[in-house]
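Here the structure is laid out as structure tokens; the discussion comes afterwards.
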């Protein structure tokens, strides 16, 4: 396999350092570093977001993204990115991977039906992935050993005109 470098050559010794400016957004060099002093006062006051996992429990989520991929074993897999929309964990992500095998097919079908999707043929699934986006769902997350299980419990409706749902301080209503 041949690696091609930013200058189009196949050899790292042929890399011209002047190509670095082009590789990072154009040939024009900036006049100097950006002035960040406007952030000095706020920097001490802000807290870095936590990257800890969302703890076990029930959550209201919005389906942010879902894609069809493959597991490490080569089985088809739905990869879900769910965003918590209420309570103290609002804005945090919960990830769910649904590996598709003969054994797991009933569970995958259950998730699809929870989202209101009934397929004539399972092979039609890729054409329906966009219909999952922005749906709001109650989920339960539970750790089992080293694995996190996420269950889609039921669809929920979010009142029209409410603030960006749940990005306040109120706890989830369940």
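Restricting attention to the stretch 114-155, the residues that are free of Cβ contacts under 8 Å to residues at least 40 places away in the same chain and touching a strand residue (DSSP E or B) at 6+ places or on another chain (Cβ under 7 Å) add up to 3. Screening 119, 129, 78, 82 for residues that are surrounded by 14 or more Cβ atoms within 10 Å (Cβ to Cβ), modelled with pLDDT of 90 or more and not in a strand (DSSP E or B) leaves exactly one candidate, 129. Residues that are exposed (fewer than 12 other Cβ atoms within 10 Å of the Cβ) and in contact with a strand residue (DSSP E or B) (Cβ under 9 Å, 6 or more places away or on another chain) occur in the stretch 46-58; there is at least one. Just one of (1) over 15 Å from residue 65 (Cβ atoms); (2) at pLDDT 90 or above; (3) assigned to a loop (DSSP other than H, G, I, E, B) fails for residue 174. It is (2).
The values are calculated or read from the model by the stated rules, or taken from the named source; none is laboratory data. As the structure is a computational prediction, the values presented were derived from the model and not from experiment. Don't worry about glycine lacking a Cβ; one is built from the backbone with ideal geometry, like all the others, and counts go over all protein chains shown.
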